[in-house]
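One structure is given here, and the rest of the page talks about it.
The values are calculated or read from the model by the stated rules, or taken from the named source; none is laboratory data. Source: prediction; values computed, not measured. Quick reminder, even Gly has a Cβ in these numbers, built from the backbone with ideal geometry, and neighbours come from all protein chains shown.
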Amino acid sequence: MIQYVKRNQLDDDKYNACISASLQSRIYAYTWYLDIVADSWSVLVLNDYQAVMPLPRCRRFMIQYISQPFFTQQLGVFSKENIPTESIEQFISNIPKFFLKIALQFNSGNHFFNDKIEIKNNFILDLNENYNVLYKRFSKGRKHAIQQGMKKELIIEEVAFKEVLILSKENYSFKEVSEKEYQKLRKLVEVAKKRNQAIIMGVKKENKLIGGAVFLLDTKRVVYLFSAISQKGKELQVGSFLLNAIIQEHSNSKKMLDFEGSMTPSIASFFKSFGAEIETYSLLKKRLL
């Protein structure tokens, strides 16, 4: 039986245990994460937390709808056992009708058929091998870029997130990301850092920060959440240098490096050059009117 459970009625321990034990586990689905990135959220629960489906909620002009929060790539159904297609569809059909619109990205382990879905690409790299083996699979161009970074004597070290954020605002214009979302990102990184689930890495040239990135950690994945690179950093291939460092650090870790995208051909090609493979997931867009 699938029940609709409001956030204040949720058994946090049982819910988080389900996310942790699920075959599709993602850091985005834990209560601490959703409490930060979602304006509000509720959950569909199967039986005694055998499977769960978080529903991030928004309200505009008295209309309630489900929308994917920023910094949250994959949600959907999380289950302790293999969940068949018909069960995914049952969860979708149990979404309350007072949500007039749905725009929700399901995780790559959720397979279902719907004429309202759009297939999206993510890239992942299995880190459960020796670094030398992983490095051999890098493209020739990627190896060259990393070697150039070493020759230019780039320094890589942990930095404060505020430095990376300043670099981002100086070099990018994310019109779709409001100041409110940036505040959520600050809080997210702060909490993840306190939980020892975030690494903030910076690359410096002559003591000046020219690139930085935030990686989130859970038991199964290292997630490439956010990055910022200056024009000088792009010229010096800082992106390659950063990702190579994280691959080296987490090799033989039984984890996946999750690149978080992308559908943009140039970015997809960049991720592929590290030996990454495509992982597809579904975006469901639906009106319940």
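Mind telling me which of the residues S173, S168 ends up being under 22 Å from the mean Cα position of the chain (by Cα) and surrounded by fewer than 18 Cβ atoms within 10 Å (Cβ to Cβ)?
On the way: S168 fails: surrounded by fewer than 18 Cβ atoms within 10 Å (Cβ to Cβ).
Unique residue meeting the criteria: S173.
Please enumerate the residues belonging to the range 1-20 that are surrounded by 13 or more Cβ atoms within 10 Å (Cβ to Cβ), more than 22 Å from V191 (Cβ to Cβ) and not aromatic (F, W, Y).
Hits for the range 1-20 are I2, V5.
Within the range 77-103, which residues are surrounded by 13 or more Cβ atoms within 10 Å (Cβ to Cβ) and part of a loop (DSSP other than H, G, I, E, B)?
Of everything in the range 77-103, those that are surrounded by 13 or more Cβ atoms within 10 Å (Cβ to Cβ) and part of a loop (DSSP other than H, G, I, E, B) turn out to be V77, K80, I83, N94, I95.
Count, please, the residues in the range 230-240 that happen to be surrounded by fewer than 24 Cβ atoms within 10 Å (Cβ to Cβ), in contact with a helix residue (DSSP H, G or I) (Cβ under 8 Å, 6 or more places away or on another chain) and at negative phi.
Residues that pass the stated criteria total 5.
Could you tell me whether S227 is within 21 Å of Q24 (Cβ to Cβ) and touching a residue at least 12 places away in the same chain (Cβ under 8 Å)?
Here the answer is no, as S227 does not meet what is asked.
So the check is Cβ under 7 Å with 6+ separation or different chains; which pairs have a first residue in the range 92-119 that's under 21 Å from R60 (Cβ atoms) and a second one that's of a type in the set (D, E)?
That search, which allows pairs on different chains as well, returns nothing.
Look at the range 119-136 and say how many of its residues are surrounded by 12 or more Cβ atoms within 10 Å (Cβ to Cβ) and in contact with a strand residue (DSSP E or B) (Cβ under 9 Å, 6 or more places away or on another chain).
Looking only at that region, the number is 10.
Determine if the range 258-276 includes at least one residue that is more than 17 Å from S139 (Cβ to Cβ), at pLDDT 95 or above and surrounded by fewer than 21 Cβ atoms within 10 Å (Cβ to Cβ).
Looking through the range 258-276, none of the residues is more than 17 Å from S139 (Cβ to Cβ), at pLDDT 95 or above and surrounded by fewer than 21 Cβ atoms within 10 Å (Cβ to Cβ).
Filter the range 26-44 down to the residues that are of a type in the set (G, A, S) and either at positive phi or surrounded by fewer than 20 Cβ atoms within 10 Å (Cβ to Cβ) (or both) and list them by number.
S40
Considering only residues that are touching a Lys or Arg at 6+ places or on another chain (Cβ under 7 Å) and outside any helix (DSSP H, G or I), which ones fall in the range 8-32?
Residues satisfying the conditions are S22, S25.
Would you pick out the residues in the range 247-289 that are over 12 Å from I124 (Cα atoms), basic (K, R) and in contact with a strand residue (DSSP E or B) (Cβ under 7 Å, 6 or more places away or on another chain)?
K285, K286, R287
If you take the residues in the range 277-289 that are under 17 Å from F112 (Cβ atoms) and under 15 Å from the mean Cα position of the chain (by Cα), which one is surrounded by the fewest Cβ atoms within 10 Å (Cβ to Cβ)?
Among those that are under 17 Å from F112 (Cβ atoms) and under 15 Å from the mean Cα position of the chain (by Cα), it is T280.
Kindly evaluate Q183 against the criterion of being more than 24 Å from N16 (Cβ to Cβ) and either exposed (fewer than 13 other Cβ atoms within 10 Å of the Cβ) or of a type in the set (S, T, Y) (or both). Before the answer, list the steps.
Working: more than 24 Å from N16 (Cβ to Cβ): yes; either exposed (fewer than 13 other Cβ atoms within 10 Å of the Cβ) or of a type in the set (S, T, Y) (or both): yes.
So Q183 fits the description; yes.
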